[in-house]
Amino acid sequence: MALQEQVPVINFSLGKGDWIVKRARSYGGKVIATVVTEKHAISAEKIGVDALLVTGHEAAAHGGEVTSLVLIPAIRKVSSLPIIAAGGFGTGQGLVAALALGADAIAMGSRLALTRESPVHHITKDMICQRGVGDTIYSSNFDGLWCRVMDTPTARKLTRKPLSLLTAGWRALGMAHRMKLPLGKTVLGGLLTQPQNLRQLAQFGAATESIRLAIEDGNHQRGVQLIGQVQGLLDDIPTVNELFQRLLSEARTTRDHLPA
């Protein structure tokens with residue numbers, strides 16, 4: 001769909017994206033690959049992506065095993081592509097640190113989630129403000145991949161053990177129904193195209209509704225919020241404009257106070 005609509009910049013992860021690069025190039029689009037290892041970065045550069053979103057362990061959702069402090073310079077060693085650093089960034093000080101490590105920019109998913117323009121529910125925003133850097137859970141039991149979420153009673157319950165294939169499949173079908181997808185085609189497509197990954201697909205589908213409930217409805221009795229460790233540095237809800245003005249001011253002040 002993104003390619004059909006000729007979206008100018010597309011970010012992909014968790015798969016081989018050479019076909020995305022080829023089709024985006026045909027209309028002048030740019031492609032960013034999310035990577036969590038040097039191997040991923042090298043492969044992404046070979047297929048012609050325009051930049052790398054380097055995601056450290058601190059990040060919300062699917063960060064890698066290595067922290068941003070080590071991962072950014074490690075990937076800078078093996079790639080000449082522009083690097084957008086993600087995982088632990090939300091302040092001007094973090095921006096300066098990322099640039100010092102070899103990045104060209106930062107991504108701030110958790111910080112931008114906590115802005116006035118963000119569609120995240122106000123209940124969830126208030127919860128983010130109250131959480132510390134250690135109040136997250138990093139588990140492979142939520143959606144089948146190692147994933148960082150806000151530490152809540154519901155999240156603890158849902159990450160205690162992996163979903164059975166039957167339960168995950170049932171929840172995934174419910175989400176497909178909610179999205180008005182043809183159920184028979186959805187199930188058959190999974191069986192025919194990725195039978196070996198059917199459990200993973202089912203877990204993704206099951207997790208989608210939990211994520212929606214937390215983001216859109218502020219429902220944390222059933223929902224789970226993806227969030228990074230940087231949540232512990234966030235305690236207000238500015239506008240996006242106020243946030244970026246503050247971030248640039250913090251970055252300049254931090255840079256000016258560094259030893260010559």
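The values are calculated or read from the model by the stated rules, or taken from the named source; none is laboratory data. Just so it is clear, the structure is predicted and the values come from calculations on it, not from any experiment. No Cβ is skipped: glycine too gets one built from the backbone with ideal geometry, and neighbour counts run over all protein chains shown. With ligands, DNA and RNA removed, areas are computed over all heavy atoms of the protein, side chains included. Shrake-Rupley method; radii C 1.70, N 1.55, O 1.52, S 1.80 Å.
For the reader, a short list of remarks on this structure follows.
- Convex hull volume of the stretch 52-142 per residue (C-alpha atoms, cubic angstrom): 114
- Potential extension, Ala100-Val78 segment - 0.36 nm per residue separation minus Cα distance: 6.3 nm
- From helices alone, the chain scores -13500 deg cm²/dmol at 222 nm; the rule is -39500 (n - 2.57) for each run of n ≥ 4 DSSP H residues, then divide by the residue total.
- Efficiency of FRET from Cβ geometry, Ile123 and Glu242, R₀ 22 Å, rounded to 0.05: 0.50
- Using heavy atoms of the protein chains and a probe of 1.4 Å, the accessible area assigned to Ile72 is about 0 Å².
- Simple Cβ-charge dipole of the chain, Lys/Arg +1 and Asp/Glu -1, about Cα centre, in debye nearest 20: 840
- Protection proxy ranking, peptides 107-114, 43-50, 216-223, average beta carbon neighbours within 10 Å, highest first: 107-114, 43-50, 216-223
- Highest mean packing first, where packing is the average number of other Cβ atoms within 10 Å per residue, the peptides 248-260, 86-98, 118-130, 25-37 line up as 86-98, 25-37, 118-130, 248-260.
- Using a Förster distance of 45 Å, the FRET efficiency for Glu5-Asp256 (Cβ separation, nearest 0.05): 0.55
- Lys pairs under 19 Å by Cα in the stretch 1-139, provided they are eight or more residues apart or on distinct chains: 8
- Shape category assigned to the chain from the gyration tensor of Cα positions, a/c cut at 1.5: oblate
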